[in-house]
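Only one structure is covered here, and it is reproduced in the block below.
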Amino acid sequence: MLLEHFFERISTHWNDKLPFVIFKKPNEKNISAYLNKSSEVIKGNEFKEAGFVFSPFVDSSKNAIWFSAASSDIFTAELNSNEFVNRSVTHFNETDDNKEKHISRIEKSLKKLSSGALQKVVISRVETLIIDKQTPIEWFKNMCSLYPNTYCYCWYHPKVGMWLGASPETLISLHKNSFKTIALAGTMAYQGTTNVQWGAKEKEEQQMVVDSMLNVLKSVVSTIEKGETVTQKAGSLLHLKTIIKGSLKKANQLGELVEILHPTSAVCGLPQLKAQAFILANEGYNRNFYTGYLGEYKPEENTELYVNLRCMEVAEKQVKIYVGGGITTASDPVLEWEETVNKSKIMKAVL
């Protein structure tokens, strides 16, 4: 399909207030779309049929929203980078970003960590921008242009809302009984090179994520292999990345895999249940789909699900940008705040 016709169909569907998702996988040239034919909200997913899943941070198996392939028009188009040069600008005003409140929550987290009750906890915040207009298709084009090595998406349901993101993190990649997942933690601003020296805090945080993933996967794998930890560039940020791959004991274990991996320690903390309980009690807002997961499920083909990071929620004249960071005993509250500021620039550049 021609790219122009692709976006014309998306615009018509959006104007008709019908659900859709458009997405581009990392480093690929094609973009894909699911145009759902019904405005009904279909929740719950046990990966029994092909489709697109969009899951929240908590109660994912119960509250994941599902666009089934059977009830959607599905089509693709090839990217033409020349057509993605977009000079449209969304003007926005930043509201109070509550620096003191976020630092206070980090300090409270450090007290919990020092008591030994937690090893790590991810504390996030939401930054609200007032915008002059909604141009989700242009924003999606900007993401594809700015962040080609991330999972770019625009998801909309008239009864739920609109989300866009450019995630650098794969939750799970699966083909038959072969799997791959990524441990991603540690953040610093990109300053022209990936040849950088990481601090002890970032290295410790990354090792916690790797060790926890290796531990939870033990029950379902027949073989497992950990790759080298490398530095990955994602837009204006750098992260530490470790690939973990192997073979599952049996095929069709995607639902089980998701249950044991999500939420990973990279977006929640350690121990998982205690960290999640601390987040829900102290973070001060509802993450909703931020740090959930999303992606296309194809039972007989490769399936990739991604963690919903570097994302924003759009509503009327507002955009909410979600950002966070992993807190360990080595964390500095002010530096952690600055990390979230750097992360918020990813979506602001899209606008």
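The values are calculated or read from the model by the stated rules, or taken from the named source; none is laboratory data. Keep in mind that this is a model prediction, so the values were computed, not measured. A quick note on method: Cβ atoms are made from the backbone with ideal geometry, for glycine too, and the neighbour counts reach across all protein chains shown. When the accessible area is computed, the model is the full protein with side chains, heavy atoms only, and any ligands, DNA or RNA have been set aside. Shrake-Rupley method; radii C 1.70, N 1.55, O 1.52, S 1.80 Å.
Quick notes
- Protein heavy-atom accessible surface, 1.4 Å probe, per residue over the chain: 44 Å².
- Space enclosed by the convex hull of the alpha-carbon atoms of the chain, per residue, Å³: 129 Å³
- Taken about its Cα centre, the chain carries a charge dipole of about 500 debye when Lys and Arg each add +1 at the Cβ and Asp and Glu each add -1 at the Cβ.
- Segment T329-K298, extension gain: residue separation times 0.36 nm, minus the distance between their alpha carbons: 7.0 nm
- Reducing the stretch 158-230 and the stretch 1-63 to their Cα centroids gives an inter-centroid distance of 24 Å.
- Compared with the alpha-carbon gap, the fully stretched path from E28 to S145 is longer by 40.9 nm at 0.36 nm per residue.
- Rg and Dmax over the alpha-carbon atoms of the stretch 200-351 stand at 16.7, 50 Å.
- What a 1.4 Å probe finds exposed on the stretch 120-198 is 46% carbon and sulfur by accessible area, rounded to a whole percent.
- Area accessible to solvent at H5, 1.4 Å probe radius, in Å²: 90 Å²
- Note on C144: accessible area approximately 10 square angstrom, rounded to 10, probe 1.4 Å, nucleic acids and ligands left out.
- The share of accessible area on the stretch 271-351 that comes from carbon and sulfur is 49 percent, using a 1.4 angstrom probe.
- Where Y151, Y297 fall by accessible area, highest first, once all protein chains stay in place (1.4 Å): Y297, Y151
- Each Cα pair under 8 Å and six or more residues apart adds its separation to the average, and for the stretch 135-284 the resulting relative contact order is 23 percent.
- Pairs of Lys in the stretch 171-245 closer than 16 Å at Cα, counting only those 8 or more apart or on different chains: 13
- Kirkwood-Stokes translational diffusion coefficient of the stretch 281-321, alpha-carbon pairs, 20 °C, 1.002 mPa s, µm²/s: 171 µm²/s
- Hydrodynamic estimate: the Kirkwood radius of the stretch 297-351 over Cα pairs, inserted into Stokes-Einstein at 25 °C and 0.890 mPa s, corresponds to D of 178 µm²/s.
- Using the Cβ-Cβ distance between K108 and E4 with R0 set to 56 Å, the FRET efficiency from 1/(1 + (r/R0)^6) comes to roughly 0.60.
- Cross-link partners of K159 among lysines, defined as those whose alpha carbon lies under 23 angstrom from its own and excluding same-chain residues fewer than eight positions apart: K17, K37, K43, K62, K133, K317, K320.
- Of Y34, Y156, the order by accessible heavy-atom surface (1.4 Å probe, DNA, RNA and ligands excluded), from most exposed downward, is Y156, Y34.
- Per-residue extension of 0.36 nm, minus the Cα-Cα distance of A117 and Q318, leaves a gain of 68.6 nm for this segment.
- Accessible area per residue was computed with a 1.4 Å probe on protein heavy atoms; K112 scores about 80 Å².
- Considering all different alpha carbon pairs of the stretch 163-238, the Kirkwood hydrodynamic radius works out to 14.3 Å.
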